[in-house]
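Chemist: Got a structure for you, written out below as structure tokens; questions coming shortly.
The values are calculated or read from the model by the stated rules, or taken from the named source; none is laboratory data. Please read these numbers as outputs of a predicted model, since none were measured by experiment. Cβ: placed from backbone, ideal geometry, glycine included. Neighbour counts: every protein chain shown. Side chains are part of the model used for accessible areas, which takes the heavy atoms of the whole protein and leaves out ligands, DNA and RNA. Shrake-Rupley method; radii C 1.70, N 1.55, O 1.52, S 1.80 Å.
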Amino acid sequence: MRMKLIFLTVYFVASAVASDVLDLSGPDFEDRVKEHGTMLVEFFAPWCGHCKRLAPEYEKAATSLKDNDPPVPLAKVDCTSDDGKETCSKYGVSGYPTLKIFKEGEFSAEYSGPRQADGIVKYMKAQVGPSSKEVNTVADAENVLQKDEVIIFGFFKDDSKLKDVFQKLADKQREDYSFCHTSSQEVLDKYGYKDEIILFRPKKFHSKFEEKELKYEGSADSFKLETFIKDNYHGLAGHRTQENFMQFKSPLVVAYFNVDYEKNTKGTNYWRNRIMKVAEKFKNKLNFAVSSKNEFAGEMSEFDLTAKDDKPVFGVRDEKGQKFRMEDEYSPENLEKFLQNLIDGNLKPHTKSEPIPESNDGPVKVAVGENFNELVVENEKDVLVEFYAPWCGHCKKLAPTYEELGKELQNEDGVEIVKMDATANDVPPSFEVQGFPTLYWVPKNQKDKPRKYEGGRELEDFIKYISKHATDELKGWDRKGNKRKTEL
């Protein structure tokens, strides 16, 4: 009995640590890579936080890709191990995780795709085999159409002009969409299509509100075919993820709830179908999507949205980047009313904002989301505005200099010095902020053309810049930034 328990313990421990990711940290890296056609290799360090976050997604992708046709193995190299150090050095690894694609045993390209499982799978599938899989039998066609993804399927005669356009587009878009084609009479007869391109939706997305199969009705024109795919790929309310969110066009209405097509397809479609019923009435003016409230928690916070129970909550972003949110609890009637008000222009855009300061008469004015237009865009003065983050070390270092600048220019009638916490307030779309601190110069006569400040960060640097670029010459400095003499 004791031996049986020991055996079971060993079995379950072994099962728990079983992995579909190949470990190539040993001295035989070169030999093992040559055993495979196309392979993705992660160079990592066990202590690396980014590597730890990638690990479960990488493992999940490896499990999926091992059954691909052809298989695409995923491997890893521990750059802290004795042999791994040498391998990582040879391939120029300087940060973790670094992912590289190998083909036929040779380095092929840096991996620049997504870091989530679905995205890794899609990206790596596009690296192997032809851009469009040829289907020769009905059984092959049925296997393709059972996959859990949208399929662009070409049914062609041998001399088809449409086939040439289809193939060129497949070569161009192989990383974004899945293509297959056939000229088999058996398959053409079975499906009843001849010289046609069909978009097939996977079973999980089947709904009475849209077609399971959608036929391309255009001519043999690459641009028209590409537009058809883009316009219809995600359907009436597509599943928007971190891998594909860039494919959704504004104005976009997003429903955030417990979207989970792996563990709870039925529950996910319960809400999606109800959303689609309303979306059907607005599909010519708005685009729709469903997104996981967990996966897009950060985006929800931009709308100040909090999911309650299982019901979806809704955020909208229009073509100008303005945000709107539905404040009423979801019901079909409330959603329809909200969308109609949106289209009619009856809604005020939502702005993430700290409270407007009760007193704002210091040398450096404090902008928040609600008063940014007043202090910067509508201000009749030239404005230097700093976007900062409270935790940013460079921002903290700049703070006393920036405050001193405000004091130096306090008596200048034509210039305003402003700062805004960009982590707690919405930054207007015309100001691109990718790091902190970011500063912009906004001339009073060109508010629509803010200029990123690229100068030095010392007081003298700021004074010289503002003296030179101020719309009206400063009272205290000449155009070269020299301080004027004060007459006694």
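Chemist: I'd like the full set of residues that are assigned to a loop (DSSP other than H, G, I, E, B) and touching a Lys or Arg at 6+ places or on another chain (Cβ under 9 Å), limited to segment 249-276.
Modeler: Applying the first criterion (assigned to a loop (DSSP other than H, G, I, E, B)) to segment 249-276 yields 249-251, 258-264.
Once the filter is applied, which keeps residues that are assigned to a loop (DSSP other than H, G, I, E, B) and touching a Lys or Arg at 6+ places or on another chain (Cβ under 9 Å), segment 249-276 yields Lys249, Ser250, Pro251, Asn258, Val259, Tyr261.
Chemist: Ok, one more. Can you tell me how many residues within segment 246-266 are within 19 Å of Arg201 (Cα to Cα), in contact (Cβ under 8 Å) with a residue 24 or more places away in the chain and of a type outside the set (Asp, Glu)?
Modeler: 5
Chemist: Also, quick follow-up: Tell me, which residue of segment 70-112 that is of a type in the set (Asp, Glu) and in contact with a strand residue (DSSP E or B) (Cβ under 9 Å, 6 or more places away or on another chain) is nearest to Thr38 (Cα to Cα)?
Modeler: We begin by selecting, within segment 70-112, every residue of a type in the set (Asp, Glu); these are 78, 82-83, 86, 104, 106, 110.
Adding the requirement that they be in contact with a strand residue (DSSP E or B) (Cβ under 9 Å, 6 or more places away or on another chain) leaves 78, 83, 104, 110.
On the way: Asp78: 20, Asp83: 22, Glu104: 6, Glu110: 13 Å.
The selected residue is Glu104.
Chemist: Could you go through segment 133-154 and let me know if any residue there is buried (at least 18 other Cβ atoms within 10 Å of the Cβ), touching a His at 6+ places or on another chain (Cβ under 8 Å), over 30 Å from Glu295 (Cβ atoms) and of a type outside the set (Lys, Arg).
Modeler: Yes, there is a match, as at least one residue in segment 133-154 is buried (at least 18 other Cβ atoms within 10 Å of the Cβ), touching a His at 6+ places or on another chain (Cβ under 8 Å), over 30 Å from Glu295 (Cβ atoms) and of a type outside the set (Lys, Arg).
Chemist: Filter segment 369-404 down to residues that are within 27 Å of Asp472 (Cα to Cα) and either of a type in the set (A, V, I, L, M) or in contact with a Pro (Cβ under 6 Å, 6 or more places away or on another chain) (or both), then give me how many there are.
Modeler: So the first thing to find is which residues in segment 369-404 are within 27 Å of Asp472 (Cα to Cα), and the list is 371-387, 398-404.
Filter once more, so that each one left must be either of a type in the set (A, V, I, L, M) or in contact with a Pro (Cβ under 6 Å, 6 or more places away or on another chain) (or both): 375-377, 382-386, 398-399.
Selection size over segment 369-404: 10.
Chemist: If you don't mind, another one. For residues in segment 452-488 being free of Cβ contacts under 8 Å to residues at least 40 places away in the same chain and aromatic (Phe, Trp, Tyr), which is farthest from Pro428 (Cα to Cα)? Don't jump to the end; show me each part of the working.
Modeler: Just the residues of segment 452-488 that are free of Cβ contacts under 8 Å to residues at least 40 places away in the same chain, to begin with: 452, 454-456, 460-461, 464-465, 467-468, 473, 477-488.
In the following step, the residues that additionally are aromatic (Phe, Trp, Tyr) were identified as 465, 477.
Numbers: Tyr465: 24, Trp477: 32 Å.
Looking at the filtered set, the residue picked out is Trp477.
Chemist: Counting only residues that are more than 21 Å from Lys311 (Cα to Cα) and among the charged types (D, E, K, R), which one in segment 329-360 is surrounded by the fewest Cβ atoms within 10 Å (Cβ to Cβ)?
Modeler: That would be Glu358.
Chemist: For residues that are more than 23 Å from Thr137 (Cβ to Cβ) and without any contact (Cβ under 8 Å) to a residue 60 or more places away in the chain, tally how many sit in segment 154-168. Please lay out each step first, then the result.
Modeler: We begin by selecting, within segment 154-168, every residue more than 23 Å from Thr137 (Cβ to Cβ); these are 161, 164-165, 168.
Restricting the remaining residues to those that are without any contact (Cβ under 8 Å) to a residue 60 or more places away in the chain gives 161, 164, 168.
Summing the residues that are more than 23 Å from Thr137 (Cβ to Cβ) and without any contact (Cβ under 8 Å) to a residue 60 or more places away in the chain in segment 154-168 gives 3.
Chemist: Okay, moving on. Sort out which residues of segment 284-304 are in a loop (DSSP other than H, G, I, E, B), surrounded by 14 or more Cβ atoms within 10 Å (Cβ to Cβ) and in contact with a helix residue (DSSP H, G or I) (Cβ under 9 Å, 6 or more places away or on another chain), and write them in order of number. Can you show your working first?
Modeler: Looking only at segment 284-304, we keep the residues that are in a loop (DSSP other than H, G, I, E, B), and these are 284-286, 293-296, 303-304.
Subsequent filtering for residues that are surrounded by 14 or more Cβ atoms within 10 Å (Cβ to Cβ) retains 286, 293, 295-296, 303-304.
Correct list: Leu286, Lys293, Phe296.
Chemist: Now a separate question. Using beta carbons and a limit of 7 Å, which pairs, at least six apart or on different chains, have the first residue in segment 61-78 and closer than 15 Å to Arg115 by Cα and the second one open to solvent by 60 Å² or more (accessible area, probe 1.4 Å)?
Modeler: Here the result reads Leu65/Pro71; Lys76/Asp23, each pair linking segment 61-78 to a residue that is open to solvent by 60 Å² or more (accessible area, probe 1.4 Å).
Chemist: For the subset of segment 313-335 comprising residues that are of a type in the set (D, E, K, R) and in contact with a Pro (Cβ under 9 Å, 6 or more places away or on another chain), which member is nearest to Thr268 (Cα to Cα)? Outline the logic, then answer.
Modeler: Taking segment 313-335 as the starting set, the residues that turn out to be of a type in the set (D, E, K, R) are 317-320, 323, 325, 327-329, 333.
Next, from what is left, pick out any that are in contact with a Pro (Cβ under 9 Å, 6 or more places away or on another chain): 317-320, 323.
On the way: Arg317: 23, Asp318: 25, Glu319: 28, Lys320: 30, Lys323: 25 Å.
Top of the filtered list is Arg317.
Chemist: Between Glu327, Glu354, which is more than 24 Å from the chain's Cα centre (by Cα), within 28 Å of Val253 (Cβ to Cβ), touching a residue at least 40 places away in the same chain (Cβ under 8 Å) and in a loop (DSSP other than H, G, I, E, B)? It would help to see each step written out before you state the result.
Modeler: Values: Glu327 fails: touching a residue at least 40 places away in the same chain (Cβ under 8 Å).
Within the list Glu327, Glu354, the selection yields Glu354.
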